[in-house]
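The structure appears right after this line, and notes come after that.
The values are calculated or read from the model by the stated rules, or taken from the named source; none is laboratory data. All figures in this text were calculated on a predicted structure; none of them were measured in a lab. Virtual Cβ from ideal backbone geometry, glycine too; neighbours counted across all protein chains shown. To get the accessible areas, we keep the full protein, side chains included, count just its heavy atoms, and leave off ligands, DNA and RNA. Shrake-Rupley method; radii C 1.70, N 1.55, O 1.52, S 1.80 Å.
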Amino acid sequence: MHRWSQLFIPTLREAPADAEVASHKLLVRAGYIRQLGAGIYSFLFLGNRTTQKIMGIVRQEMDKIGQEFYLPALNPREIWEASGRWAAMGDNMFRLKDRKGADLCLGMTHEEVMTDIARKELRSYKQLPQIWYQIQTKFRDEPRPKSGLLRVRQFLMKDAYSFDIDAPGLDASYQKHYDTYCRIFDRCGLKYRVIDAHSGAMGGSQSQEFMVRTPAGEDQIVSCEKCNYAANMEKATSRLAPVEDLKAEGDGQPLEVHTPGQKTIEDVARFLGVSPKNKIKTLAMMMTEEDAPIGTKTPGKSRTRAVVLLMRGDHQMNEAKLSTAVAGKQTRPMQEEEIRDLFHSPAGYLGPLGIDWAKDMKDSGKPILLVDEALEGRVNLIGGANKEDYHVKNLTPGKTFHPTAYADLRAVTAGDECPSVGCGAALRIDTAVEIGHIFKLGYKYSQSMGARVLDRNGKEVAPIMGSYGIGIERILTAAVEQNNDENGFWLPPSIAPFEVVVVSTNPKDESIRSTAEDIAQQLEGSGFDVLLDDRDERPGVKFKDADLVGIPFRVNVGKKVTEGIVEVVRRSTRESVDVKISAITEYFQDLRPAAR
RNA sequence: CGGGGAGUGGCUCAGCCUGGUAGAGCACCUGGUUCGGGACCAGGGGGUCGGAGGUUCAAAUCCUCUCUCCCCGACCA
């Protein structure tokens with residue numbers, strides 16, 4: 001029996017001054033956590049109890065598909081050299097030396113250690129598939145820890161790794177994780193979306209993120225309220241309404257028109273009496289190509305190369321999509337003289353004509369012309385003439401000028417139509433927190449680290465891998481972000497530190513005290529996690545504390561005990577019902593979610 | 001790393017400009033009265049004013065350096 005009077009639950013009336021987001025303020029106020037340094041937190045009794053429950057759910061579900069390991073956080077340099085990530089991780093990796101001067105690091109993730117085990121132990125396709133997971137502390141020297149528990153330098157992660165003999169095997173392992181993650185987050189009571197994610201620099205083929213919408217989030221996601229469509233900004237698309245192209249003028253060849261002083265898309269469209277949708281927006285960028293391999297700290301020789309983007313007049317460019325289109329190279333807007341060098345024209349009249357564009361991305365030395373997919377197939381567009389006070393009609397991509405490549409560069413905006421077939425609803429854009437990530441790794445680690453098994457034909461092959469992560473504390477943070485008000489927060493019973501708090505409103509009244517005690521005993525006997533607030537405090541203090549600390553149900557034991565009645569208050573709605581003391585256990589058993 | 005802000009008792013903050021040897025509310029301890037939404041009265045304990053150096057008869061206050069934390073940006077397998 002947990003008695004509040006004997007526990008350490010240091011609740012605060014006021015939030016610490018340096019807390020900004022709701023979950024940070026409330027978790028500190030509720031006595032769950034205390035800060036030790038930037039991005040470093042101690043978990044106290046209630047906080048630890050909750051993370052233990054979350055880990056319990058994660059274990060139960062993961063044990064259905066995999067096996068739990070426990071790997072060291074302290075890693076020798078060698079395995080990270082083998083994968084190439086000793087350098088690639090840069091300053092984000094905590095590094096240290098042992099007494100002999102040997103390099104060590106604190107693990108940010110465990111592909112290397114798991115793959116090391118695999119390469120030493122796995123020999124045959126008959127041993128596959130394998131799914132190995134652990135729940136363990138990760139260390140990342142974030143450039144900027146922030147928002148309480150949302151971005152920290154030390155955190156708990158459930159990380160899993162799959163080893164399969166072939167791609168269909170990986171697909172199956174990946175799907176198992178997808179399903180398991182849904183069960184885990186459902187049981188944790190979270191509302192989440194699964195989005196297609198950028199495969200990133202890890203060389204994987206497919207990747208999805210489990211996101212929870214919250215204003216405190218750092219990532220922007222696009223989602224549809226009606227259907228399940230969801231994507232991050234760099235992947236999101238939307239359905240474009242058909243646009244009526246202009247008719248060719250004259251002989252259909254590019255035709256210069258005098259547009260004195262008309263520089264912006266809107267000005268030109270109005271001046272010529274056309275829609276911005278029939279205009280081409282020309283964006284002039286410079287891209288920096290580093291000679292030195294990415295991740296190394298020695299600055300190599302860098303060259304710049306012009307990248308010109310053509311968008312539909314009313315569209316905006318998304319920088320993440322541009323970054324993808326140029327394979328992660330750094331880009332910046334051109335400076336005035338760079339624009340003149342390439343276009344021989346002032347800004348405001350830029351267009352694709354008269355420039356020798358690169359035929360493909362490898363056609364180095366020449367400027368790159370990237371055309372947004374929204375312009376593919378369009379005809380007779382209007383763009384700048386590369387000549388002051390002139391624009392050009394009859395521009396048709398692929399005919400009057402030749403793009404280096406077409407690419408998806410367009411930023412989705414809120415209210416755009418959902419791209420799902422037959423959906424038709426409007427898209428929304430929200431910030432979100434990533435609570436899980438599943439990833440088809442492919443052969444990157446098995447190859448670089450030399451894991452090999454014999455296949456059915458006795459041929460040596462590298463196993464194909466997947467990796468799958470869940471941020472334990474982020475589940476708590478997301479739950480608090482989703483369920484709070486100015487008085488505190490409420491957690492789903494499955495992850496709350498206690499399911500019920502029994503408040504003895506006046507411990508000096510013997511019948512109230514003993515009834516509260518009996519009810520708490522009874523509920524605990526029926527398998528509920530119960531906290532008995534037996535403190536010698538005024539009722540108001542106890543109610544305020546109960547509202548603060550995240551426990552979903554409260555039983556008020558007060559004057560009505562003489563009538564054999566107590567109140568049960570549901571924290572989320574504040575609704576209160578009178579329940580007969582004799583029926584209290586049944587009352588809660590009826591509420592108990594089936595998932596337990 | 002660039003820009004901004006802040007470090008004064010456990011928490012929230014005042015005092016700093018204009019130097020004179022540290023305050024309030026909450027929390028804590030003792031006694032009493034209270035007891036259904038963060039009570040009241042009386043008494044009490046607790047502070048290297050982030051750190052170092054300097055100016056001065058005298059520094060929380062002025063000057064220099066430094067550390068830490070927060071926010072925006074950059075960054076984020």
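I'd like the GluC sites (Glu not before Pro) in the stretch A:1-110 restricted to DSSP loop residues with at most 16 other Cβ atoms within 10 Å, sorted by number. Answer in residue order: A:E14, A:E20.
For the stretch A:72-193, what percent of Cα pairs sit more than 26 Å apart? Above the 26 Å cut-off, the stretch A:72-193 has 35 percent of its Cα pairs. Annotation note: GluC sites (Glu not before Pro) in the stretch A:439-515 located in DSSP loop regions with a Cβ neighbour count of at most 14 within 10 Å are A:E486. Remark: the stretch A:409-458 projects, on average over all directions, an area of 8.1 nm² (convex hull of Cα atoms). Its Kirkwood hydrodynamic radius, worked out from the mean inverse distance over all distinct Cα pairs, puts the stretch A:1-131 at 18.8 Å. Hey, quick one: spin label on A:D63, modelled 7 Å out along Cα-Cβ, who in the stretch A:118-139 has an amide N within reach, i.e. under 16 Å? So the set is A:132-135.
Selection among A:N92, A:Y587, A:V541 by position relative to the dipole of chain A gives A:N92 as farthest towards the positive end (Cβ unit charges, Cα centre). Can you list the residues of the stretch A:160-177 with backbone N under 20 Å from a point 7 Å past the Cα of A:R456, pointing along Cα to Cβ? Taking a point 7 Å out along Cα→Cβ of A:R456, the residues of the stretch A:160-177 whose backbone N falls under 20 Å are A:163-174.
Per atom type, the stretch A:46-135 shows carbon and sulfur on 51% of its accessible surface, probed at 1.4 Å. Here the extension length gained between A:T11 and A:D363 equals 120.3 nm, from 0.36 nm per residue of separation less the Cα-Cα distance.
Between the residues A:F43, A:A496, A:A269, the greatest Cα displacement towards the positive end of the dipole of chain A, with unit charges on the Cβ of Lys, Arg, Asp and Glu, is found for A:F43. So, counting K/R as plus one and D/E as minus one, what does the shell of residues with Cβ under 10 Å around A:A520 add up to? Summing Lys/Arg as +1 and Asp/Glu as -1 gives -4.
Calculated on C-alpha atoms, the gyration radius of chain A divided by its Kirkwood radius gives an Rg/Rh of 1.07. A simple charge model with +1 on the Cβ of Lys and Arg, -1 on the Cβ of Asp and Glu and nothing else charged puts the dipole of chain A at about 880 debye relative to its Cα centre. Only one residue of A:G348, A:L150, A:L369 has its Cα farthest out toward the positive end of the dipole of chain A, where Lys and Arg carry +1 and Asp and Glu -1 on Cβ, and that residue is A:L150. Both radii are taken from the alpha-carbon atoms of the stretch A:255-407; with Rh as the Kirkwood radius, Rg/Rh is 0.99.
Accessible surface comparison of A:M62, A:M1, A:M157, probe 1.4 Å, protein chains only, largest first: the order is A:M1, A:M157, A:M62. Rounded to the nearest 500, the helix-only mean residue ellipticity at 222 nm of chain A stands at -7000 deg cm²/dmol, with each DSSP H run of n ≥ 4 adding -39,500 (n - 2.57).
Taking a straight line from the alpha carbon of A:K158, these aspartates and glutamates sit under 13 Å away, with near neighbours fewer than eight places off in the same chain left out: A:E61, A:D63, A:E68, A:E111, A:E473.
Here r is the Cβ-Cβ distance between A:M317 and A:D171 and R0 is 30 Å; the resulting FRET efficiency, rounded to 0.05, is 0.30.
Using Cβ point charges alone (K and R +1, D and E -1), the dipole size of the stretch A:255-407 about the Cα centre works out to roughly 240 debye.
The order of the peptides A:131-139, A:229-237 by mean Cβ neighbours within 10 Å, most packed first, is A:229-237, A:131-139.
Rounded to the nearest 0.05, the FRET efficiency derived from the C-beta distance between A:E337 and A:N487 at R0 = 51 Å is 0.30. Relative contact order for the stretch A:255-407: 28 percent, from Cα pairs under 8 Å spaced at least 6 residues apart, divided by residue count.
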